[in-house]
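The values are calculated or read from the model by the stated rules, or taken from the named source; none is laboratory data. The model shown is predicted, which means the values in this text are computed figures rather than measured ones. Cβ: placed from backbone, ideal geometry, glycine included. Neighbour counts: every protein chain shown.
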Amino acid sequence: MSTVGTPQTPGQPPEGEQPGVAEPPAATVEPQPQPQQPQGRRCPRCGAAMTDEQEWCLNCGAAVGTRIVPAPGWRVPIIVTALLGIVGAIAIAIAIIQLADDTGQVTENGQVTPTPTAVAPTPTPGAEVTPTPTIPEASGQSTPEPTPSATPSTTPEPTPSSTPDSSGGAIGEWPSGQSGWTVVLASKSSESAARDSAEGFQADGIPDVGLLNSDDFASLNPGYWVVFSGQYDSQSEASAALDGVDAKDAYIRRIDPN
């Protein structure tokens, strides 16, 4: 005997089976990336581990987080200082030289220049300012000075014992016992040599040429024959006459008899 079964609905499980729950598909598990462990600081020189607060490697001493500023150069300051010292030394030397020159100029200005000049015919007492004479003064004797006068003296006229002629006349002599000033032309050790020199000066046109023996005069050193030109009462008149005498070694001299 056949059994008619109940028609089966599509999608339903057969009779006698419990409907079950469909299993979901298995999920694929992807591996999660592991977080990277923070790496500590390393010394760039030796590779030793360092903390974030370290600025210097404790292993090798390298500066990791500190910038070392180089020391300023010392050569430039030394060179500048040396140049300033040299400039200062040069300035001091120049100042010393200028001061020395000024002192020399003051000393020279304070001295009497032995250059005869033409002055007014007024007797002027004072030391003689002519160049060093050929005939030295007698030892122990001082040159007498002319007595100043309150009024200017008149132009004296030469008064030789004989009237000389500048064109070749007689050679004059110094008046006996008379003091005064004259222009000394030359001095010789012998009378003949002095006379020849006097004639030569006459031939050159020098006026009032005379001859004297220094032994007879206290203001001269003995032992010479002196060729002179003119007799004058004051030093200034003799200086004025010297300017007109063309003789290389001529100078003025005070003449005082013994």
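Figures for the structure shown
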{"read-out": "Residue that is nearest to Thr66 (Cα to Cα) [pool: residues in the range 45-54 that are surrounded by 11 or more Cβ atoms within 10 Å (Cβ to Cβ) and of a type outside the set (A, V, I, L, M)]", "value": "Gln54"}
{"read-out": "Leading residue by the ranking (modelled with the lowest pLDDT) among those in the range 24-69 that are among the small types (Gly, Ala, Ser) and outside any loop (DSSP other than H, G, I, E, B)", "value": "Ala63"}
{"read-out": "Check on Ser236, surrounded by 21 or more Cβ atoms within 10 Å (Cβ to Cβ) and hydroxyl-bearing (Ser, Thr, Tyr)", "value": "yes"}
{"read-out": "Residues of the range 222-258 classified as of a type outside the set (A, V, I, L, M), modelled with pLDDT under 90 and closer than 19 Å to Lys188 by Cβ, total", "value": "2"}
{"read-out": "Positions within the range 194-250 being part of a helix (DSSP H, G or I), within 53 Å of the chain's Cα centre (by Cα) and touching a residue at least 40 places away in the same chain (Cβ under 8 Å), in sequence order", "value": "Phe201, Ser214, Gln235, Ser236, Glu237, Ala238, Ser239, Ala240, Ala241, Leu242, Asp243"}
{"read-out": "Residue list for the range 153-205, filter: of a type in the set (Val, Ile, Thr) and modelled with pLDDT under 90", "value": "Thr154, Thr155, Thr159, Thr163, Ile171"}
